[in-house]
1. Would you list which lysines come within 28 Å of residue D:87, measuring only between C-alpha atoms, while excluding same-chain residues fewer than 8 positions from it?
2. What is the mean number of Cβ atoms from other protein chains located within 10 Å of the Cβ atom of each residue in peptide D:224-230, rounded to a whole number?
3. Taking every residue in B:221-229, how many Cβ atoms of other protein chains lie within 10 Å of its Cβ, on average?
4. Looking only at segment D:140-180, which residues have a backbone nitrogen under 16 Å from a spot 7 Å from the Cα of residue D:230 in the C-beta direction?
5. Can you tell me the FRET efficiency between residue B:127 and residue D:42 if r is taken as the Cβ-Cβ distance and R0 is 56 Å, rounded to the nearest 0.05?
6. Would any residue of segment B:60-75 have its amide N under 18 Å from a label point 7 Å out along Cα→Cβ of residue B:49? List them or say none.
7. If you wrap a convex hull around the Cα atoms of segment B:1-78, how much volume per residue is inside, in Å³?
8. Give the order of D:240, A:22 when sorted by the count of other beta carbons within 10 angstrom, beginning with the fewest.
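Any read-out appearing in this document is the output of simple, stated calculations on the displayed coordinates, not a laboratory observation. Please read all numbers here as calculations on a predicted model, not as lab measurements. Positions of Cβ are generated from backbone atoms using ideal geometry, with glycine treated the same way; all protein chains shown enter the neighbour counts.
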Amino acid sequence: MTTALLEARDLSIHKGLRQLLKDVTLCIEPGDLWQLAGGNGIGKTSLLRSFARLASIEVYGDLSRCDDVLYIGHSAALKGAMTPRQNLKYHPSGLCTPTDTEIDEALAAVGLAGYENALTARLSAGQKRRVALARLFLPSGRLWLLDEPFTALDVAGVAVLEQRFQAHAQAGGAVVFTSHQSAELGGLLSVLDLEQFRGD
Amino acid sequence: MTEARDIDILHYCRSQTVRHLILILRSPSEMINPLVFFLLVIVLFPLGLGPDPKQLSILAPGILWVVALLSNLMICMRLFVDDLEDGSLEQLAMARVPLSVAVLPQLTASWLASGLLLSLVSPLFGLMLGLPLDVAPVLVASLLMGTAIMLLLGAVGAALTVGVQRGGILLALLILPLYVPVLIAGTRSLNEALHGGDPTVALALLGAGVTGGLLLAPLAIAAGVRVSLQL
Amino acid sequence: MYFDSVADALAMGGHGAFVWGAYGITFLIIFFVLLRPVMSTRRLNAGIREEALRKRSAKGAQGNAS
Amino acid sequence: MWRIIHQFGSPPWVYRFCDRVIPWLFPITVLALLAGSVWGLLFAPTDYKQGDSYRIIYIHVPAAVVALAGYYVMALAGLVSLVWRIKLADTAMRAAAPIGAAYTAIALITGAIWGKLTWGAWWVWDARITSMLILFFLYAGVIALFEAYENKTVAARACAILSLVGTVNIPIIYKSVDWWYSLHQPASIKFTESSAIDASMLYPLLGMIITFYALFALLMMLYLKRSLTEDYARSAWLHKRLTA
């Protein structure tokens, strides 16, 4: 019985006839912060999606993980026609059933206090990103899989997010994220360079 | 507060149905357009066939059902497109309920906004085509069940084609052949009712179709959504 | 043979064009469906052989140079 | 038992198997096709009701029978590919679709010609012809779906799902079309009144049905070999076989 939140052994990811990544072996324990690094097109997003079990057809190898996963992809699953509050309350991942106060607190934490009932379509790109990331401030999963969480965020936003990552890790969760820039996460961060797993 | 709470499937389905109903109500044109399409095509038939009410009433069951089928196809073409684009579909797949259950709220909401509405309005269209009012119950009942089956089947096709360029035409090719039994049973029920026969056999078959569709189609829809998320 | 003469067999009681035509179309379709994989396999094989040959000669040239 | 199943999933083994069987099956099938046609066209007796036009039966019925069976072959391959993720099953499924569509086309065209002779019209909404047309659309759907996806692994998965959905629906479609036809049936000759078909007519028919099955198997092997050549163009075993 392991306590690992995610264990991948000899994972290989294909795209059609091309092998993107091979022999990916990784164990994610509670308290880990992992950054998936590597150049464009190496397969960061594909690996993250395979961890989320969203790309199961072309993934070979062993993958076991806990059920309690939160995934935020490139597109944030926000509907412009709904308010941020509704977007969080009726989120299709249904990971939690947050109360209205919890939602308001989460929105305040990402600096969106006062925008709870605005139409999401009217928000700026950065604000939309914050709405998506507000899910991290709700009771929401032990293993976080985040695709480029820092894009479209200003310096203050990045700092808030980094603090949140650390708090989550200390509380026994784990974060895996892809990013081009290096994050300020102190000694907790481990970087996984995908170059070593490049497929044939 | 890192642990996610356990979720209750029923609660999840209710909240997702509300989500989709909100979205539909925010853009009512998506709900109205298929109805207007239905009306428009109904108007085209007398213009093409001639205004003779006797002839129209003979053809009315077929016309009504073919048009219902086409407007259903229009709805299916839009079914998962936005959700794939904005990432809602992958979040749906991340939900900790089986995906085959998670897709049902959207279908329910879509059916409420399209099939139910169309069925309830259909007697009006029937009148325009010279159908007597006493077959209205059969018309409504058959359309209620028929639109549900067609939506379930269409959703399978939609799930398989959302990720594809020009998926619309492809969708029509994939699912129109599957609609054939629904069309046959639906028109049969109406014709029986019109000619003093017994429409219950056809209606019972439609009912069986709804049950079978509800049991099997969600599995295929879920598998199809997973395929489309792969891209 | 069931028919008395070749002319009878071709005529098929007046339906000759239809009956023979049906067989003709069928064989045409079968011919094309048979031909397609055979031809494309042949083309693919030629490509593979060519590449193998190229690789071998490249390797040989390398070996000579060193 | 498991070893046999495993062998069927092994591309080099299947490739070798095809290579070994095709040289036999190809000439036998072609000869049987020619012999069966000659038998049906020239040696079988004339039908007293339909005259010589009935001779189309020797291609029409076998094509129709195998076309339907072909869909089940395709769906079975799809099921295997879905459950066990055997790549070869994808290939088999992809091979079956165009062959089945070709058989359906043969059945439809010969049916139309026959219809012109018996009913005087090229197209009649007979239950069987209508079902055959729908079957053709089902095949066309699978082919179109496969072509629409760029990534062929994903395409195969999508087609497997679609063909399974089709399999569940085919009996329903056939039954409902029969039902529809029984209501509107015009007073005309039924397609095959095979209540008491004479042996001299039946044997060539059975022979042609078997031959069409054999042709299906042959075509499957040819398409399988082709797809294997395409997919494994870079693998060592194929190079060895081709350059030996």
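1. A:15, A:22, A:44, D:152, D:225, D:240
2. Whole-number average of other-chain Cβ neighbours for D:224-230 is 5.
3. Partner-chain Cβ atoms within 10 Å, mean over residues of B:221-229: 5.
4. D:142-160
5. Calculated transfer efficiency: 0.35.
6. Residues B:60-71 fall inside that zone.
7. 127 Å³
8. Sorted ascending by nearby Cβ count, the order is D:240, A:22.
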